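**Student:** Have a look at the structure that comes next, please.
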Amino acid sequence: MATDTHRAIEAVWRIESPRLIAGLTRLVRDVGMAEELAQDALVAALEQWPAEGVPRNPGAWLMTTAKRRAIDQIRRNETYRRKVEEVGRDLEESTPDIGAMVAEDDGIGDDLLRLVFVACHPVLSTEARTALTLRLFGGLTTDEIARAFLVPETTVAQRIVRAKKTLANARVPFEVPQGEELAARLSSVLEVVYLIFNEGYSATAGDDWMRPALCEDALRLGRILARLAPREPEVHGLVALMEIQASRTGARTGPGGEPILLADQNRARWDQLLIRRGLTALERAEAVLDARPGPYVLQAAIAACHARARRFEDTDWARIARLYEQLAATRPSPVVELNRAVALSMAFGPAAGLALLDQLLAFPALQSYHLLPSVRGDLLTKLDRYAEARVEFERAASLTRNERERALLLDRAAACSSRGLKPGAA
């Protein structure tokens, strides 16, 4: 029975903790203090619920308990007397049933959105934003975050502690930015969410090709953002992109965890529910567009081209090439040009793609990027230039930090030696 209660507490905490921390941050104006108060409420639940049972409204119970702890803490500091009165008013009318004592806070959705912008504030490094966001919204422990990104737990713990101190010292306001600042700050938020997703979709390092749990965390964050910011096309675009990409998860690895290239994937294993959700999110993004589509809407449109093709051969590569051209104009990047080269090669032949690819060799940002020699090796193979392709695959293998990907690239290099490599696209 106690085990069932602890499982229930864990489930409640995963769902309610972001809302709880957001509501508390509004009251105490300090993310670090808000998380500590939320953790205190969790400890109280672990102590009381096994004996008393899970309350009818567990989220309200946790919020009430945390607010009471907030009052106790604020009372210990006379300079916060005004805040004591402000927090205390929320609890003036109490009843014996603690579950009914506090209904859901008005504006809790606004509080969550404010907390997203605080956690992803540009004053923090990308690594700190990522760790803090996963901690506050993903409900992950420092150990889980460390294992996901293959860094020491102490490193993650230090990043989170420093992030909270930085936010407090910078007096980052608990608000949603307005006007031009909103667009700039929203870009930072979406960047963090997509970074989390990408690390799950194609792990940077380690023994696993994918970490689906990180994809799920990013999707949950994206869906929350879509509910909180329904008029922002880029939010819907990111959700669409992640839903469609996540739909391929079951087809991207073989029985032993080895990567399966897009051209070789069994599309019957693609998750049609996620594809439908992704296409619906893309429609929502396009419905609220008031200007040219942004980078996430464009990338979602590219993903939709793949999702709509029943077979790899049916893919509308010419449209994908045009979309990448738009993306390059919207957000210039050598990585975007690399992807455009792939699309051009599929639409107009490998020589067309290689011509663009060779222009990218001088970009410093791509010198240690393993996908440049990997793609170049693929195109050289299609041109029957096997010796050159083998060199490229071996170079790519030396640059990647993912063991599964390294094995795949070395296999392709070996196949070039015997002139038996089967072409594919990543």
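Since every read-out is calculated from the coordinates, none of them should be taken as a lab result. Predicted model, so just to flag it, every value in this text is computed and none were measured. Don't worry about glycine lacking a Cβ; one is built from the backbone with ideal geometry, like all the others, and counts go over all protein chains shown.
**Student:** For a quick check of your reading of the filter: which trypsin sites (Lys or Arg not before Pro) in the stretch 166-221 sit in a DSSP loop and have no more than 13 other Cβ atoms within 10 Å?
**Tutor:** In loop regions of the stretch 166-221 (DSSP not H, G, I, E or B), the sparsely surrounded trypsin sites (Lys or Arg not before Pro) are ARG171.
**Student:** Taking the Cβ of VAL391 as the centre, find all other residues whose Cβ is under 14 Å away and add up their charges (Lys, Arg: +1; Asp, Glu: -1).
**Tutor:** +1
**Student:** Only counting other Cβ atoms within 10 Å, I'd like GLU35, GLU216 sorted with the fewest neighbours first.
**Tutor:** With the fewest neighbours first, GLU35, GLU216 line up as GLU216, GLU35.
**Student:** If you don't mind, another one. Taking each pair of distinct Cα atoms in the stretch 137-179 once, what is the resulting Kirkwood hydrodynamic radius in Å?
**Tutor:** Its Kirkwood hydrodynamic radius stands at 12.0 Å.
**Student:** How much mean residue ellipticity at 222 nm does the chain get from its helices, if each DSSP H run of length 4 or more adds -39500 (n - 2.57) and you divide by all residues, to the nearest 500 deg cm²/dmol?
**Tutor:** -22500 deg cm²/dmol
**Student:** May I ask for the equivalent-ellipsoid semi-axes of the chain, computed as the square root of five times each C-alpha gyration tensor eigenvalue and listed largest first in whole Å?
**Tutor:** 46, 22, 20
**Student:** If you fit an axis through the alpha-carbon atoms of helix 334-348 and take the longest principal axis of the Cα set of the chain, what angle between them do you get, 0 to 90°, nearest 10?
**Tutor:** 50
**Student:** Right, next: Per 0.36 nm of contour for each residue apart, how much would the distance between LYS165 and VAL335 grow if the chain were fully extended, relative to their Cα-Cα spacing?
**Tutor:** 57.7 nm
**Student:** If you average the alpha carbon positions of the stretch 169-225 and of the stretch 371-419, how far apart do those two centres end up, in angstrom?
**Tutor:** 32
**Student:** With axes computed from alpha carbons, what is the tilt in degrees of helix 386-399 against the longest principal axis of the chain, rounded to the nearest 10 within 0 to 90?
**Tutor:** 20
**Student:** Determine the gain in length on full extension of the stretch GLU191-ARG7; use 0.36 nm per residue of separation and subtract their C-alpha separation, reporting nm with one decimal.
**Tutor:** 63.0 nm
**Student:** So what are the stretch 301-426's ellipsoid semi-axes, whole angstrom, largest first, if each one is the square root of 5 times an eigenvalue of the alpha-carbon gyration tensor?
**Tutor:** Semi-axis lengths for the stretch 301-426 are 23, 18, 14 Å.
**Student:** Taking the Cα centre of the chain as origin and charging only Cβ (+1 Lys, Arg; -1 Asp, Glu), how large is the dipole, in debye to the nearest 20?
**Tutor:** Here the size comes out at about 820 debye.
**Student:** On to the next question. When the convex hull of the Cα atoms of the stretch 332-377 is projected onto a plane and the area is averaged over all directions, what value comes out in nm²?
**Tutor:** Mean orientational projected area (the stretch 332-377, Cα hull): 2.8 nm².
**Student:** With angles folded into 0 to 90 degrees, how steeply does helix 212-228 sit against the dominant principal axis of the chain? Use alpha carbons for both and round to 10.
**Tutor:** Once rounded, the angle reads 60 degrees.
**Student:** A further question on this structure: Please report the equivalent ellipsoid semi-axes of the stretch 206-310, computed as sqrt(5 x eigenvalue) of the Cα gyration tensor, largest first, in whole Å.
**Tutor:** Three semi-axes, in Å: 26, 15, 10.
**Student:** I've got another one for you. Length gain on complete extension for the stretch ARG385 to ARG75, per 0.36 nm per residue less the alpha carbon to alpha carbon distance?
**Tutor:** Once the chain is fully extended between ARG385 and ARG75, it gains 104.0 nm.
**Student:** Quick one: divide the alpha-carbon radius of gyration of the stretch 264-327 by 2.2 N^0.38 Å and tell me what you get.
**Tutor:** Cα-based Rg divided by the globular estimate yields 1.17.
**Student:** Just how far, in whole angstrom, is the stretch 242-256 from the stretch 20-58 if you go by their alpha carbon centroids?
**Tutor:** 36
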